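The values are calculated or read from the model by the stated rules, or taken from the named source; none is laboratory data. None of the values given here were measured: they were computed from a predicted structure. When we count neighbours, we look across all protein chains shown, and the Cβ atoms used for this are built from the backbone with ideal geometry, even at glycine. Just so you know, the surface numbers come from the protein's heavy atoms only, side chains and all, with ligands and any DNA or RNA stripped out. Shrake-Rupley method; radii C 1.70, N 1.55, O 1.52, S 1.80 Å.
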Amino acid sequence: MNNIRITGIFSVLLTLIAQALTAQTQTSTALTVEEIVNEFLLGEGVEAFNVTIYGGFDADITNPRIGSFNSFNTGFPLEEGMVMTTKNVQIVTCGAAADGSGLTVDPDLSILLPGANFHDVTVVEFDFIPSGDSLKFNYIFASREYNAFVCSGFNDVFGFFLSGPGIGGPFTNDAENIALLPDGNFVSINNVNNGSPGPCQNPQTGEMCPCNSDLFVDQGDNTGNQSQSDVCFGGYTVPLTAEALVECGQTYHIKLVIANVADGIRDSGVFFEKGSFSSNLIVDLDVNPVVPGFELGENDFIDGLVAGCTNAEFCLFRPDTMGIDTTFFELSG
């Protein structure tokens with residue numbers, strides 16, 4: 001009896017060890033870009049539409065540079081979500097970086113890095129309506145330019161350009177870039193690093209690096225394909241949050257873009273946490289029909305509709321109970 005028990009425990013331990021050894025990040029481009037945005041990016045309080053890629057092409061197609069990922073049990077900080085890369089998303093798992101050269105221009109990235117030569121530009125855009133007064137989502141930037149090309153012209157970069165009511169910035173359609181570091185700078189190789197191979201000067205800002213090293217995770221070599229790696233990049237940022245104040249119920253536009261800079265050899269990617277693209281729900285409405293002496297059946301109350309005439313309780317809930325707010329609601333039917 002004791003032998004059987006020990007064997008059972010030993011078998012379970014072997015299974016757990018095997019799972020840990022085989023756990024690795026996986027990517028997929030099986031879904032269309034529009035499906036990926038809806039299933040692996042959007043969260044609560046946001047309704048998205050008009051999803052396009054590369055400056056206006058319909059996103060109802062698959063694309064090798066825009067996919068989903070999962071990193072369960074790998075140690076990578078984000079477990080699941082959407083990923084955009086400057087080559088095929090297979091580069092995340094050390095696969096081939098082959099899918100053509102892509103776009104070589106972007107007017108908004110050119111404002112971030114004046115005079116830079118771009119390669120392999122990848123763009124996803126969509127309109128959305130927030131249900132609250134703020135927008136936020138979580139992301140990680142990763143690159144194979146780390147670590148050998150820190151403080152150089154190979155300054156791979158990306159941006160999240162938000163436009164709409166109340167937004168006023170220097171980018172297309174008065175957009176502002178919300179992919180920012182705590183110091184207010186945009187995220188790029190030269191703005192987040194460990195200064196490797198030694199202290200150096202950021203050619204864009206003149207700042208001495210390391211730059212924001214507390215936000216950087218060193219993967220070792222340039223490709224990141226060492227045994228301790230979770231993804232095949234030389235380094236990546238810790239999870240960062242993009243956020244902005246918006247107006248509830250208004251239509252906004254966001255452009256997500258990433259590019260190689262100076263050459264198209266060492267690639268980069270940006271990972272978005274699943275369901276994190278969200279807006280705070282200001283007010284939630286709960287409708288409870290009240291019929292004296294009668295218990296409503298399943299078919300009597302569907303999606304806020306009740307057969308016949310009856311009284312009802314309207315309960316309004318809002319997450320923020322500290323401030324003063326005014327809520328309007330309309331009864332009709």
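Out of curiosity, is residue 59 over 26 Å from residue 241 (Cβ atoms) and out of contact with any Pro (no Cβ under 8 Å at 6 or more places or on another chain)?
So residue 59 fails the test.
Residue-by-condition table, conditions (1) in a loop (DSSP other than H, G, I, E, B); (2) closer than 29 Å to residue 75 by Cα; (3) open to solvent by less than 40 Å² (accessible area, probe 1.4 Å):
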{"residue": "169", "(1), (2), (3)": "yes, no, yes"}
{"residue": "184", "(1), (2), (3)": "yes, yes, no"}
{"residue": "211", "(1), (2), (3)": "yes, yes, yes"}
{"residue": "221", "(1), (2), (3)": "yes, yes, no"}
{"residue": "241", "(1), (2), (3)": "no, yes, no"}
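Within the bounds of the stretch 179-187, is there any residue that is over 26 Å from residue 93 (Cβ atoms), touching a Ser or Thr at 6+ places or on another chain (Cβ under 6 Å) and not hydroxyl-bearing (Ser, Thr, Tyr)?
No, every residue in the stretch 179-187 fails to be over 26 Å from residue 93 (Cβ atoms), touching a Ser or Thr at 6+ places or on another chain (Cβ under 6 Å) and not hydroxyl-bearing (Ser, Thr, Tyr).
Given the conditions (1) closer than 19 Å to residue 179 by Cβ; (2) among the hydroxyl-bearing types (Ser, Thr, Tyr); (3) out of contact with any strand residue (DSSP E or B) (no Cβ under 8 Å at 6 or more places or on another chain), which single one is not true for residue 74?
Going through the list (1) closer than 19 Å to residue 179 by Cβ; (2) among the hydroxyl-bearing types (Ser, Thr, Tyr); (3) out of contact with any strand residue (DSSP E or B) (no Cβ under 8 Å at 6 or more places or on another chain), residue 74 breaks only (1).
Answer with yes or no whether residue 275 is part of a loop (DSSP other than H, G, I, E, B), modelled with pLDDT of 95 or more and open to solvent by less than 40 Å² (accessible area, probe 1.4 Å).
Spelling it out, residue 275 is indeed part of a loop (DSSP other than H, G, I, E, B), modelled with pLDDT of 95 or more and open to solvent by less than 40 Å² (accessible area, probe 1.4 Å).
Quick check on my filter: what residues within the stretch 243-258 are modelled with pLDDT under 95 and part of a strand (DSSP E or B)?
none
Test residue 177 against the criterion of being without any contact (Cβ under 8 Å) to a residue 60 or more places away in the chain and surrounded by 18 or more Cβ atoms within 10 Å (Cβ to Cβ), and give yes or no. Let's see the steps before the verdict.
Details: without any contact (Cβ under 8 Å) to a residue 60 or more places away in the chain: no; surrounded by 18 or more Cβ atoms within 10 Å (Cβ to Cβ): yes.
Here the answer is no, as residue 177 does not meet what is asked.
Residues being open to solvent by 10 Å² or more (accessible area, probe 1.4 Å) and among the hydrophobic types (A, V, I, L, M, F, W, C): count how many of those fall in the stretch 77-112.
Residues meeting the conditions: 8.
Tally up the residues in the stretch 81-111 that are farther than 18 Å from residue 263 by Cβ and either out of contact with any Asp or Glu (no Cβ under 8 Å at 6 or more places or on another chain) or at pLDDT below 95 (or both), please.
Final tally of qualifying residues: 12.
For the list (1) more than 20 Å from the chain's Cα centre (by Cα); (2) under 21 Å from residue 247 (Cβ atoms), I need the number of the one condition that residue 162 fails.
Residue 162 satisfies every listed condition except (1).
To keep it simple, each residue is scored yes or no on (1) in a strand (DSSP E or B); (2) of a type in the set (Val, Ile, Thr); (3) out of contact with any Gly (no Cβ under 8 Å at 6 or more places or on another chain); (4) surrounded by fewer than 22 Cβ atoms within 10 Å (Cβ to Cβ).
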| position | (1), (2), (3), (4) |
| --- | --- |
| 120 | yes, no, no, no |
| 124 | yes, yes, yes, no |
| 137 | yes, no, no, no |
| 140 | yes, yes, yes, no |
| 145 | no, no, no, no |
| 149 | no, no, yes, no |
| 155 | no, no, yes, no |
| 158 | yes, no, yes, no |
| 193 | no, no, no, no |
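Could you check the stretch 126-135 and list, in sequence order, the residues that are open to solvent by 10 Å² or more (accessible area, probe 1.4 Å) and not hydroxyl-bearing (Ser, Thr, Tyr)?
Answer for the stretch 126-135, where residues must be open to solvent by 10 Å² or more (accessible area, probe 1.4 Å) and not hydroxyl-bearing (Ser, Thr, Tyr): 127, 129, 133.
Residues are listed down the side, and each one gets a yes or a no for (1) open to solvent by less than 40 Å² (accessible area, probe 1.4 Å); (2) of a type in the set (Val, Ile, Thr); (3) assigned to a loop (DSSP other than H, G, I, E, B):
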position	(1), (2), (3)
31	no, no, yes
39	no, no, no
44	no, no, yes
49	no, no, no
55	no, no, yes
61	no, yes, yes
69	yes, no, no
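Looking at the stretch 180-218 only, could you name the residues that are touching a Cys at 6+ places or on another chain (Cβ under 7 Å) and free of Cβ contacts under 8 Å to residues at least 40 places away in the same chain? Before you say what the answer is, go through the steps one by one.
So the first thing to find is which residues in the stretch 180-218 are touching a Cys at 6+ places or on another chain (Cβ under 7 Å), and the list is 190-193, 195, 199-203, 209.
Passing the criteria: 191, 199.
Determine whether residue 18 is of a type in the set (A, V, I, L, M, F, W, C), surrounded by fewer than 18 Cβ atoms within 10 Å (Cβ to Cβ), under 20 Å from residue 258 (Cα atoms) and modelled with pLDDT under 95.
Answer is no for this residue.
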